[in-house]
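The values are calculated or read from the model by the stated rules, or taken from the named source; none is laboratory data. Owing to the predicted nature of the structure, the values given are computational and were not obtained by experimental measurement. Note that each Cβ is placed from the backbone with ideal geometry, even for glycine, and that neighbours are counted across all protein chains shown. To get the accessible areas, we keep the full protein, side chains included, count just its heavy atoms, and leave off ligands, DNA and RNA. Shrake-Rupley method; radii C 1.70, N 1.55, O 1.52, S 1.80 Å.
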Amino acid sequence: MSTPSAAMHPEQRRVTPPLGFVLSRDQLITVRFMELTTFDAVAGKFTSGREAPKSGLDVFVLLCEEVVDRVADILEHLAGELNTLAVDTFHTDDTRGRHAARSNRLLRAQLRQVGRLGDRLSQVRDGIQGLARVVAYAEQNCGGWFTEAPKLAIASLHQDLHSLTEYEEQLANKVQFVLDALVGLIGIVQNDVIKVLTIVSIAGIPPTLVAGIYGMNFKFMPEYDWFWGYPHAWAAIIFSTLIPLIWFKFKGWF
């Protein structure tokens with residue numbers, strides 16, 4: 001039997017190696033491609049004076065129970081990281097208008113963190129589903145080896161795996177919710193930038209028109225003979241710039 005491993009793996013390894021079981025009535029052989037604390041913990045129980053298991057099936061059940069406990073701890077840890085990220089996303093002051101560059105860097109970092117959490121949850125989901133298939137397969141094909149204690153343990157494993165699956169689905173939905181919220185915030189930041197550029201371009205149209213009119217080199221332009229022509233042109237440019245800005249401010253557009 002083979003299943004993906006939901007164990008924490010070194011950062012330099014991008015793929016979590018699978019975990020294999022070769023089960024017989026008396027013995028259990030495990031196939032591992034990396035050190036797993038789950039197996040070390042179970043082996044430590046036997047060396048600490050605890051009664052040795054009577055069959056390979058007992059060892060298999062103990063390993064599955066330990067894996068379920070570790071997966072529950074992993075999901076709890078991921079839930080803590082996700083809650084922290086949600087707090088940082090939804091419960092911080094909105095300072096995008098004053099610190100747009102800093103806000104963009106923060107949003108990119110949060111987006112990467114959401115991606116890492118989603119990727120880790122998908123690995124845990126594969127491990128849970130794989131372990132559920134392994135347990136079901138062992139129950140179906142090794143039913144004659146079961147005594148009363150392993151039967152109760154297998155039934156408890158099914159319930160625990162079902163609960164972990166529901167909990168993982170809840171976390172995955174929350175990851176998707178936070179991801180959608182971050183994408184929406186990124187869109188808001190982009191809209192703010194476009195809004196500023198639009199306001200600046202609109203406010204620059206009237207002074208450009210005034211400067212274009214008085215920049216024409218026609219021979220007969222009465223304003224060229226005005227003593228106060230130059231200050232008049234500057235006043236027209238300044239007021240034609242301020243009027244649109246005051247109007248946008250009055251409308252609450254910026």
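Only one of LEU209, LEU197 is open to solvent by 40 Å² or more (accessible area, probe 1.4 Å), touching a residue at least 24 places away in the same chain (Cβ under 8 Å) and within 23 Å of PRO244 (Cβ to Cβ). Can you tell me which?
Numbers: LEU197 fails: touching a residue at least 24 places away in the same chain (Cβ under 8 Å).
After applying the criteria, what remains is LEU209.
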Applying the selection to the stretch 130-145, what residues are assigned to a helix (DSSP H, G or I) and not aliphatic (A, V, I, L, M)?
GLY130, ARG133, TYR137, GLU139, GLN140, ASN141, GLY143, GLY144, TRP145
I'd like the full set of residues that are open to solvent by 50 Å² or more (accessible area, probe 1.4 Å) and not in a helix (DSSP H, G or I), limited to the stretch 146-187.
THR147
Mind checking which pairs have a first residue in the stretch 131-151 that is closer than 19 Å to VAL31 by Cα and a second that is surrounded by 14 or more Cβ atoms within 10 Å (Cβ to Cβ) and among the polar types (S, T, N, Q), Cβ under 6 Å, 6 or more apart or different chains?
LEU131/THR3; VAL134/THR3
Being aliphatic (A, V, I, L, M), buried (at least 17 other Cβ atoms within 10 Å of the Cβ) and modelled with pLDDT of 85 or more, is that true of even one residue in the stretch 38-54?
no
In this structure, is THR30 of a type in the set (Val, Ile, Thr), open to solvent by 30 Å² or more (accessible area, probe 1.4 Å), modelled with pLDDT of 80 or more and in contact with a helix residue (DSSP H, G or I) (Cβ under 8 Å, 6 or more places away or on another chain)?
yes
Within the stretch 212-254, the residues that are open to solvent by 100 Å² or more (accessible area, probe 1.4 Å) and over 23 Å from ASP192 (Cα atoms) are ASN217, PHE218, LYS219, PHE220, TYR224, ASP225, TRP226, PHE227, TRP228, TYR230, TRP234, PHE239
